[in-house]
Amino acid sequence: MSILAWVKKKRKQELLINNSSISKQELEKNNLEINNSNDNALWTRCDYCGVILYIKHLKKQHYVCIECGSNLRINSTDRIENLIDSGSWRPLYETISPCDPLKFKDKKNYPDRLQEAQKRTGFQDAIQTGTGLINNVPVALGVMAFDFMGGSMGSVVGEKITRLIEYATKKGLTLILVCASGGARMQEGILSLMQMAKISAALHIHQSCAKLLYISILTSPTTGGVTASFAMLGDLIIAEPNAVIGFAGRRVIEQTLKEKLPDNFQTSEYLLHHGLVDLIIPRSFLKNALYEIMNFNRQAPYKKLGYIPEIN
């Protein structure tokens with residue numbers, strides 16, 4: 001080990017000791033190190049305040065920093081565990097896989113990018129869909145995976161969401177979609193943009209015809225074509241605190257308008273103030289809040305009976 005590497009290691013150890021209750025002897029014995037890119041790492045650093053956090057405790061706190069209260073990035077599997085009753089999750093459409101209809105190539109071939117993302121995440125594409133219970137209330141849930149190519153919406157994401165909506169409609173289930181995406185997937189061109197209309201059409205049947213509830217949950221970031229379609233079509237739109245939500249990028253809007261935008265522009269608080277979001281709910285309260293919303297909707301008086309139209 002070089003002298004520079006040894007100094008860096010000692011600095012990391014001192015940071016761990018100063019920001020935790022672990023002793024120096026325990027640290028040296030277990031050779032704990034900070035590694036944000038390692039799935040087996042025991043420690044991580046807050047992106048906002050820089051404090052060192054023990055991942056096991058952070059997971060219990062729903063990945064909310066205990067020092068500054070900021071929401072750290074959370075993967076789709078942990079989101080499902082936080083929302084769905086233990087043992088009740090039943091995945092749907094896991095085997096649907098993307099292809100390369102446009103033979104797209106940039107710095108890498110599109111199939112190579114897909115294989116890398118699939119190997120890294122263990123998913124076929126950028127969303128998990130299935131059914132489960134929230135405090136014993138059955139729901140159809142879709143959770144986007146931002147760690148799979150930025151949660152971009154390709155043909156598989158659109159197909160899985162559409163099938164989930166149709167399943168929820170047939171079974172009379174409340175639909176919940178947790179959005180985290182950079183927008184449409186450029187490697188699939190117009191095919192990715194077509195998913196916006198396809199999902200919106202399925203939602204129209206679910207909401208307007210079948211009279212069933214759809215709740216959209218916006219996390220950071222929710223941008224591009226996802227924002228322009230199903231993310232903003234919820235009967236109730238819920239956002240996490242300080243989530244980045246928008247369509248075009250901040251710089252593009254500033255250059256177009258020739259104006260300086262507010263510092264909190266495209267945050268969930270800004271959108272709530274301007275009427276684009278209905279509620280901002282912290283992660284720790286989200287599961288119980290969803291249960292209360294669904295229970296209130298179920299007991300609402302004068303509900304109209306819906307129907308499922310026949311489509312040839």
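The values are calculated or read from the model by the stated rules, or taken from the named source; none is laboratory data. Model, not experiment: these values are computed from the prediction. As a convention, Cβ positions derive from the backbone with ideal geometry for all residues, glycine included, and neighbour counts pool all protein chains shown. Just so you know, the surface numbers come from the protein's heavy atoms only, side chains and all, with ligands and any DNA or RNA stripped out. Shrake-Rupley method; radii C 1.70, N 1.55, O 1.52, S 1.80 Å.
Quick look at the numbers
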quantity	calculated
Looking only at segment 203-218, and only at residues there that are among the polar types (S, T, N, Q) and touching a strand residue (DSSP E or B) at 6+ places or on another chain (Cβ under 7 Å), the one that is surrounded by the fewest Cβ atoms within 10 Å (Cβ to Cβ)	GLN207
Near pairs, Cβ below 6 angstrom, 6+ apart or cross-chain, from segment 225-249 (acidic (Asp, Glu)) to any residue that is at pLDDT 95 or above	ASP235/LEU213; ASP235/TYR214; GLU240/THR219
Residue in segment 131-152 that is free of Cβ contacts under 8 Å to residues at least 12 places away in the same chain, within 17 Å of the chain's Cα centre (by Cα) and assigned by the TED database to the domain that holds LEU212 present	no
Residue that is touching a strand residue (DSSP E or B) at 6+ places or on another chain (Cβ under 9 Å), crowded, with 24+ Cβ neighbours inside 10 Å and in a helix (DSSP H, G or I), where the choices are LEU141, LEU193, LEU175, LEU164	LEU164
Flag for LEU32 being out of contact with any strand residue (DSSP E or B) (no Cβ under 9 Å at 6 or more places or on another chain), surrounded by 14 or more Cβ atoms within 10 Å (Cβ to Cβ) and at pLDDT below 85	no
Within segment 223-266, tally of residues that are part of a strand (DSSP E or B), touching a Ser or Thr at 6+ places or on another chain (Cβ under 6 Å) and open to solvent by less than 10 Å² (accessible area, probe 1.4 Å)	2
Filtered residue count, segment 153-172, keeping only those that are under 30 Å from PHE296 (Cβ atoms) and without any contact (Cβ under 8 Å) to a residue 60 or more places away in the chain	6
Hits in segment 271-303 (condition: among the charged types (D, E, K, R), open to solvent by less than 50 Å² (accessible area, probe 1.4 Å) and either free of Cβ contacts under 8 Å to residues at least 12 places away in the same chain or closer than 22 Å to PRO221 by Cβ (or both))	ARG283
Condition broken by SER200, with the remaining ones in (1) open to solvent by less than 20 Å² (accessible area, probe 1.4 Å); (2) in contact with a helix residue (DSSP H, G or I) (Cβ under 8 Å, 6 or more places away or on another chain); (3) not in a strand (DSSP E or B) satisfied	(1)
